[in-house]
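Working notes, beginning with the structure itself.
The values are calculated or read from the model by the stated rules, or taken from the named source; none is laboratory data. Here the structure is a predicted model, which means the values were calculated and not measured. No Cβ is skipped: glycine too gets one built from the backbone with ideal geometry, and neighbour counts run over all protein chains shown. Areas reflect the complete protein model, heavy atoms only, side chains present, ligands, DNA and RNA absent. Shrake-Rupley method; radii C 1.70, N 1.55, O 1.52, S 1.80 Å.
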Amino acid sequence: MWVAALTLQGQSSSNLSIAISTIEQARGLARYPDSSLAVLQGLDAQSLDDSLKVEYHKTKGMAFFYKGILDSSIAAYSTAMALVDTSRCTDQSAVVTNGLAVVLHAAGLKGEAINYYSKALGCAEFRGDDPLKLKIYNNLSILNRELGRYQWAQRYLDKAFELTDPGNTAAWASLYNSRGQNFLLVQKYDSAQVNFLRSDEFRHEEDLKGKAIGLNNLGYVASLQGDMTLAMDYYQRAAKIREKIGDRFGSASIFINMANIAIEEDNLTRAKDLIRNAELLNDQVHSPEVASRILASRSAMAEKEGNAALALHLMREFKKMDDSLRTDEVMREAANAQYTVALVEAQNRVKRIQKEEEAQAAAIERQRLISMSLAVAIAVFIGLLSLLLYQLKQLSDLRKALTQQRDEAESKAQVRRETLNAVVHELRTPMRAIISLAELIQVEKDPQELLDMTKLLKNSSERLLGINNNILTFSRIEEGSAEPVLQKNNLSKLVEGLCKELAPQAATKGIEFRVQIEPGILAVLDHSMMEIVLMNLIGNALKYTRSGSVTVTVNEADAKAVVEVRDTGPGIPEADQERIFEAFFQSKVTLAAGTDGSGLGLSICKHYVEQMNGELELSSVEGEGSTFSVVLPQD
């Protein structure tokens, strides 16, 4: 933003803010030029620094441009241009140079416009300002087309195509329309028609004026190709849109186009009606250009009727009016041309004023240095005192931090001792069972007893391994080394595969194992972490459910993926539900069931689900069963 480039240069912060706010308000009203100029009138431009003066005159130039007073717009932009430091390629200088080029272009000073467009383009390319480059390429294409330089027009248009955002349909519509106009210039009517049609495809339905322009262009091309029926169809559709939006000038122009086709086809009655409609509309808009075209059409119709005298008279009237319009345009261009000379004079005048202001600023600066010397001495004293106070505060903060670190270290040591005691307790039971079974196997002779003892030994070993895995996982979590790798995965397929692996456990216990999975459910998760979570939740449900069923479901709810594991086991008492996800905690119902466990599984599940930006929820009624729900994001 231009505001970021402004400096105070002796102005108070409040005055600067008021000036910036006023100019921004005027800029927002530029398309309502009278309101914009009224806002600027309340600002004292002479009190502003150079950067704000540039914005003031540039905004004033924009307002005059939209008001149609091009000579005043050129004067305002010229003043802004004189204030810009042309030795530095800034965002402000590039925008002002481009603005002056646009106004000169509109005023018919095309040579000067090309000169300033080129300067603005060089600055935009140096800064890598693609939006400004796109505007300049488009304007240079139009300007070169007006000068009849098709190759240059097409070259700049191709550059504009390269920079246009694929999603900016309005820009694509404008570019294809310009390309169609370029092909008209060299009489390549088929190519022009293709590009006008492409332009129409990109136009928004609500852009009625653009639709009408596109249909008018297509009608003109069709008439040049000799397809008068198609041309008339395009013109009629364009006329309906013009009438709908109340565009009298556009409607009058289209009626003249349709009248010319009717004259060409010897349908003079219809031609008279169309010309009459154009005349009625022009009585309201008073356009000399429309009036001259009406004269030309009436002359052609008189010639078709065999009235050569009237045709010649009307053609002379048309020529007289056309010459008058051309003379007015030349005079306007001559009047505007004086401002290009005034630009150089203004630049020199502003430079002289700037030198005088610099001399005054130097004198003021010397006075300020004298005043500041005393202030610096006072500031040094205050600074030293502040430094001393700051160091004392730092020392106090350091003492507090060390005390806090000591307390945290003691707390962690206590947690480690408690964790070690819990681990030793959990490991002792399966290890004693393994040792006892190993001693019995050494002396047992009965093969069936040996087989039973081997199965018990296997179960105890598996329990020991499970406890060990949970402890290692819990240790990695405590160290912070368990980092997720989040990717979008097929959750339905993952759950389905795990359910197939665990189904034999349910069959062995005689439990009904229900799997209700909606296909194709996606979720963002870590594959390994999710496997551990599901193995724990489904495994717990199978382990603690002695009869009834275990149900696993996968579905979507509120744009989230949801996995539910529901069982008809003993349930979890309400008093234990708040602590069920704590490490090493085991519910009294779990202990009463006599099942093995370390109390780490649900703690690990909770941590992993949160690592995957999800939620693990519990709903349980003692004696009826439990439901664990994993809710994961899908994006």
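Evaluate the following for ALA63: is it surrounded by fewer than 19 Cβ atoms within 10 Å (Cβ to Cβ), among the hydrophobic types (A, V, I, L, M, F, W, C) and more than 21 Å from LYS159 (Cβ to Cβ)? No.
Looking across region 129-141, the residues that are open to solvent by less than 50 Å² (accessible area, probe 1.4 Å) and either not in a helix (DSSP H, G or I) or not basic (Lys, Arg) (or both) come down to ASP129, LEU132, LEU134, ILE136, TYR137, ASN138, ASN139, LEU140, SER141.
Within region 499-513, residues that are over 12 Å from THR545 (Cα atoms) sit with their Cβ atoms under 6 Å from residues that are in a helix (DSSP H, G or I) and open to solvent by less than 90 Å² (accessible area, probe 1.4 Å), at 6+ positions apart or across chains, in these pairs: LEU502/ILE538.
May I ask you to verify whether SER12 is open to solvent by less than 60 Å² (accessible area, probe 1.4 Å), on the phi < 0 side of the Ramachandran plot and at pLDDT below 80? For SER12, the condition - open to solvent by less than 60 Å² (accessible area, probe 1.4 Å), on the phi < 0 side of the Ramachandran plot and at pLDDT below 80 - is met.
Residues of region 15-58 being modelled with pLDDT of 80 or more, open to solvent by 40 Å² or more (accessible area, probe 1.4 Å) and acidic (Asp, Glu), which ones? Selection gives GLU24, ASP34. Here ASP49, ASP34 are screened, and the one residue that is touching a Lys or Arg at 6+ places or on another chain (Cβ under 8 Å) and among the acidic types (Asp, Glu) is ASP34.
One residue alone among GLY148, GLY68, GLY122 is under 27 Å from ASP165 (Cβ atoms) and surrounded by fewer than 23 Cβ atoms within 10 Å (Cβ to Cβ), and that residue is GLY122. On the stretch given as region 85-107, residues that are of a type outside the set (A, V, I, L, M) and open to solvent by 20 Å² or more (accessible area, probe 1.4 Å) total 9. Considering only residues that are among the aliphatic types (A, V, I, L, M) and in a helix (DSSP H, G or I), look in region 185-201 and name the one that is least open to solvent (accessible area, probe 1.4 Å). Applying the filter and picking the extreme gives ALA192. Inclusion of ASP165 among residues that are open to solvent by 60 Å² or more (accessible area, probe 1.4 Å) and either over 24 Å from the mean Cα position of the chain (by Cα) or under 30 Å from TYR56 (Cβ atoms) (or both) is not warranted. Filter region 550-568 for residues that are open to solvent by 10 Å² or more (accessible area, probe 1.4 Å) and of a type outside the set (A, V, I, L, M) and give the result. Matches in region 550-568: THR553, ASN555, GLU556, ASP558, LYS560, GLU564, ARG566, ASP567, THR568. Taking the criterion of being in contact (Cβ under 8 Å) with a residue 60 or more places away in the chain and open to solvent by 40 Å² or more (accessible area, probe 1.4 Å), the only residue of region 108-117 that qualifies is GLU112. A single entry from ALA101, ALA19, ALA26, ALA82 fulfils the requirement of being touching a residue at least 12 places away in the same chain (Cβ under 8 Å), assigned to a helix (DSSP H, G or I), within 24 Å of LEU143 (Cα to Cα) and of a type in the set (A, V, I, L, M): ALA101. Being outside any loop (DSSP other than H, G, I, E, B), open to solvent by 70 Å² or more (accessible area, probe 1.4 Å) and not aliphatic (A, V, I, L, M) holds for only one residue in ARG546, ARG514, ARG579, and it is ARG514. ARG270 satisfies every condition listed in (1) open to solvent by 60 Å² or more (accessible area, probe 1.4 Å); (2) more than 34 Å from the chain's Cα centre (by Cα); (3) at pLDDT below 85 except (3). With respect to (1) under 27 Å from PRO519 (Cβ atoms); (2) touching a Lys or Arg at 6+ places or on another chain (Cβ under 8 Å), the lone exception for GLY569 is condition (1). Have a look at ILE538, ILE532 and point out the one that is open to solvent by 40 Å² or more (accessible area, probe 1.4 Å), assigned to a helix (DSSP H, G or I) and in contact (Cβ under 8 Å) with a residue 40 or more places away in the chain. Testing whether each residue is open to solvent by 40 Å² or more (accessible area, probe 1.4 Å), assigned to a helix (DSSP H, G or I) and in contact (Cβ under 8 Å) with a residue 40 or more places away in the chain leaves just ILE532.
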